[in-house]
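Below: the structure, in structure tokens.
The values are calculated or read from the model by the stated rules, or taken from the named source; none is laboratory data. This is a predicted model, so every value here is computed, not measured. Here the Cβ is made from the backbone with ideal geometry for all residues, glycine too, and neighbour counts use every protein chain on show.
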Amino acid sequence: MSSTNAAAATTVTAAPAAFAEPLAVLGSEVEVPLVSGEKVGYAALDYAASAPALRRVWDDVAAYAPYYGSVHRGAGYLSQLSTELYEQSRQAVADFLDLREGDQVVFTRATTDSLNLLAGAVPAGTRVFAFETEHHASLLPWQQAGLAVTYLRAPRSHAEAVAALDAALAADPAGPDAPRLLCVTGASNVTGELWPIAELTGTAHRHGARVVVDAAQLAPHHRVSVRELDVDWIAFSGHKLYAPFGAGVLAGRADWLDAAEPYLAGGGASRTVARQADGSVAVEWHRGPARHEAGSPNVIGAYAIASACRALTEAGLDALREREELLIERLTEGLAAVPEVRVLSLFGADAARVGVLSFVVRGWNSSHFSAALSAEYGIGVRDGLFCAHPLVRTLLGSEDTAPSECGAPEPSLPGERSLNAIRVSFGAGTPLEHVDRFLAAVRELVTDGARWNYRNEGGRCVADTRR
């Protein structure tokens, strides 16, 4: 790529006078090599997969690390300090989510872990309702746990989603007295569109069903009040909330969780264990979060989530949302000016969304386009079906069983018909320059094409640097 083209790709139009600075995140000064041999600052636009750690989170973890100790029951100072910090982290998450009295916070590994935990804790005979538009973490655990699942077709409006749930619950032969659960996303990991959680929850509760919200994409972008939404549970991941240290959260009502067998059997979950005369072992399990947190907990992961919750709250969630909406407006207007680009949407161009957007480019394989963004411009996005295969195929108007990064790789040579999409995502740490640079790169690739040859390597389209 020539220096002229490199400059064109990084041209930044004037920012609004009131445009706020991003929050400090790790990696903001990292430079990456281009296929041309140049180096540029990395534009991280894959927040929906994993967001970079907030500098505040990293600093808090680093300050605590020398004092790390075993959690619960340790007599030493570091153990007592770590236990206090762990439980304070639980309270910080409860405050961040505005939980009700009696609700509890269970620390898990991620959203997927949280929803699998809940799938094993629901009463026997529970029927689960889920839209086919869900991420696989919300779509698959219920069937895997042997529960009956009703999958609802992709709605094209909020009203259609609410009506579809209302009709499905009304038609359920088990009736309102049987345990039933709706699992629904707060914001789509494919389109970024917000779902009508309060309306869906009201409908579910009217029919006697409970609700769990996959907030993996919602919590990092919007204030989430369990009390106001009246949902029964909420799940999210630390690594999407600027705390990538291997922890997640399941928060909400205690009754089903306390009545269920522990998610894992082992120390920490057991209150007492006694040998019986017949040689067997009798166990009394804890109630509360400890029941489902067997083993040595991820103290640093929990503390990192709590640190992120505090940092986002102190920065002002409403102010962060307003800033993100300016980035979204900038992005959508810029892509709309490129006729070859089609943005994917369930609810229409005017639907409210978080900083997640997927699109396809006419004449381009998505893997080829994404590879060119990385190799020639230093921009990191994602391509594939985003662990939401039914939704992306619906949006693409294709029932092809094209695999994605979640399964066997798709053939991805330049010029092939795209069976997947490109996703760009951002958040509180994204500078305006990264969005502008991305838009300039899109325009240049569409107008001039890639300047490098690409080949298939292990199912991925990569720049061909062989000589």
Residues of segment 275-313 being without any contact (Cβ under 8 Å) to a residue 24 or more places away in the chain and among the acidic types (Asp, Glu), which ones?
-> 278, 284
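Kindly establish whether residue 420 is at pLDDT below 95 and either closer than 16 Å to residue 331 by Cβ or under 24 Å from the mean Cα position of the chain (by Cα) (or both).
Details: at pLDDT below 95: yes; either closer than 16 Å to residue 331 by Cβ or under 24 Å from the mean Cα position of the chain (by Cα) (or both): yes.
In short, yes.
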Selection within segment 423-450 - surrounded by 23 or more Cβ atoms within 10 Å (Cβ to Cβ) and in a loop (DSSP other than H, G, I, E, B) | 426, 427, 428, 430
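With the requirement that a residue be part of a helix (DSSP H, G or I) and under 30 Å from residue 24 (Cα atoms), what does segment 280-310 give you? Can you show your working first?
Applying the first criterion (part of a helix (DSSP H, G or I)) to segment 280-310 yields 289-292, 299-310.
Within segment 280-310, 299, 300, 301, 302, 303, 304, 305, 306, 307, 308, 309, 310 qualify.
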Search result, residues across segment 53-76 that are free of Cβ contacts under 8 Å to residues at least 40 places away in the same chain, surrounded by fewer than 16 Cβ atoms within 10 Å (Cβ to Cβ) and in a helix (DSSP H, G or I) | 59, 62, 63, 66, 67
With respect to residue 246, determine if the residue is part of a loop (DSSP other than H, G, I, E, B), modelled with pLDDT under 95 and in the same structural domain as residue 60 (by TED's automatic domain parsing).
-> no
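Where in segment 121-214 are there helices (runs of 4 or more DSSP H), lying fully within it, with 2 or more residues that are among the aliphatic types (A, V, I, L, M) and not assigned by TED's automatic domain parsing to the domain that holds residue 347? Outline the logic, then answer.
Details: elements: 136-139, 141-144, 158-171, 197-206.
In segment 121-214, 136-139, 158-171, 197-206 are the helices (runs of 4 or more DSSP H) which contain 2 or more residues that are among the aliphatic types (A, V, I, L, M) and not assigned by TED's automatic domain parsing to the domain that holds residue 347.
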Kindly check whether there is at least one residue in segment 230-241 that is polar (S, T, N, Q) and not in a loop (DSSP other than H, G, I, E, B).
-> yes
Can you find even one residue in segment 97-110 that is in a helix (DSSP H, G or I) and at pLDDT 95 or above?
-> yes
State yes or no: is residue 253 in contact (Cβ under 8 Å) with a residue 12 or more places away in the chain and surrounded by fewer than 17 Cβ atoms within 10 Å (Cβ to Cβ)?
-> no
Name the single residue, out of those in segment 311-357 being touching a helix residue (DSSP H, G or I) at 6+ places or on another chain (Cβ under 6 Å) and assigned to a helix (DSSP H, G or I), that is nearest to residue 445 (Cα to Cα).
-> 334
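Of everything in segment 358-381, what is assigned to a helix (DSSP H, G or I) and of a type outside the set (S, T, N, Q)? Give them in sequence order. If you could, list the steps in order and put the result at the bottom.
Residues of segment 358-381 that are assigned to a helix (DSSP H, G or I), as a first pass: 366-377.
The answer is 368, 369, 371, 372, 373, 375, 376, 377.
Which of the residues spanning segment 269-279 are under 23 Å from residue 123 (Cα atoms) and assigned to a loop (DSSP other than H, G, I, E, B)?
At the first step, the residues of segment 269-279 found to be under 23 Å from residue 123 (Cα atoms) are 269-271.
Of everything in segment 269-279, just one residue is under 23 Å from residue 123 (Cα atoms) and assigned to a loop (DSSP other than H, G, I, E, B), namely 269.
Please find, among 306, 290, the residue that is assigned by TED's automatic domain parsing to the domain that holds residue 250 and buried (at least 23 other Cβ atoms within 10 Å of the Cβ).
Only one candidate qualifies: 306.
Provide a single number: the residues in segment 123-132 that are modelled with pLDDT of 95 or more and out of contact with any strand residue (DSSP E or B) (no Cβ under 7 Å at 6 or more places or on another chain). Quick ask: steps written out before the conclusion?
First, the residues of segment 123-132 that are modelled with pLDDT of 95 or more: 123, 126-132.
Applying the additional criterion that residues be out of contact with any strand residue (DSSP E or B) (no Cβ under 7 Å at 6 or more places or on another chain) yields 123.
Here the count works out to 1.
Report yes if residue 311 is farther than 27 Å from residue 19 by Cα and among the aliphatic types (A, V, I, L, M), otherwise no. I'd like the intermediate steps shown before the answer.
On the way: farther than 27 Å from residue 19 by Cα: no; among the aliphatic types (A, V, I, L, M): yes.
So residue 311 does not fit the description; no.
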